[in-house]
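The values are calculated or read from the model by the stated rules, or taken from the named source; none is laboratory data. If you're wondering where the values come from, they're calculated on a predicted model, not measured in any experiment. Using ideal geometry, Cβ is built from the backbone for each residue, glycine included, and neighbour counts are taken over all protein chains shown.
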Amino acid sequence: MSENAHISGSSVISLTLGVLSIVTPFIGLVLAIIGMVMSRRAPKEITDGNELSSGLATAGLICSLVGLVIQALIIMGVVAFLMFVNVV
């Protein structure tokens with residue numbers, strides 16, 4: 001590991017938002033989208049500078065995708081429940 005290597009801020013932010021999108025109901029959908037944008041932006045920062053955080057960017061993207069799917073399922077479940085309650 002080089003002494004001049006730094007961790008990309010976008011990678012850390014994408015991982016943080018990805019994890020928060022999994023555990024935060026409803027607002028996690030927005031966090032997941034922002035996390036995906038940040039993780040897609042991180043490789044440019046990594047190649048521009050001497051940074052060693054491509055793994056964090058990948059983990060942030062995966063966590064954001066998982067959070068997006070979970071939040072979409074929660075929202076669909078709530079909508080289906082409300083539709084069922086209104087019918088009966």
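Quick one: what pairs do we get from region 45-69, first residue closer than 22 Å to residue 28 by Cα and of a type outside the set (Gly, Ala, Ser), second exposed (fewer than 15 other Cβ atoms within 10 Å of the Cβ) and modelled with pLDDT under 95, C-beta under 9 Å, 6+ apart or different chains?
Short answer, once both residue conditions are applied: 56/7.
Scanning for something at pLDDT 90 or above and among the small types (Gly, Ala, Ser), does region 40-48 turn up at least one residue?
The answer is no, given that none of the residues of region 40-48 is at pLDDT 90 or above and among the small types (Gly, Ala, Ser).
Assess whether residue 19 counts as being surrounded by fewer than 16 Cβ atoms within 10 Å (Cβ to Cβ), in a helix (DSSP H, G or I) and free of Cβ contacts under 8 Å to residues at least 60 places away in the same chain.
The answer is no for residue 19.
Kindly indicate whether any position in region 50-60 is in contact with a strand residue (DSSP E or B) (Cβ under 6 Å, 6 or more places away or on another chain), under 28 Å from residue 8 (Cα atoms) and not in a helix (DSSP H, G or I).
yes
Taking residue 41 and the conditions (1) in contact (Cβ under 8 Å) with a residue 40 or more places away in the chain; (2) part of a helix (DSSP H, G or I), which numbered condition does it fall short on, given that it satisfies the others?
Looking at each condition in turn, residue 41 falls short on (1).
Consider residue 69 against the criteria (1) surrounded by 14 or more Cβ atoms within 10 Å (Cβ to Cβ); (2) within 14 Å of the chain's Cα centre (by Cα): it satisfies all of them except one. Which criterion is unmet?
Failing condition for residue 69: (1).
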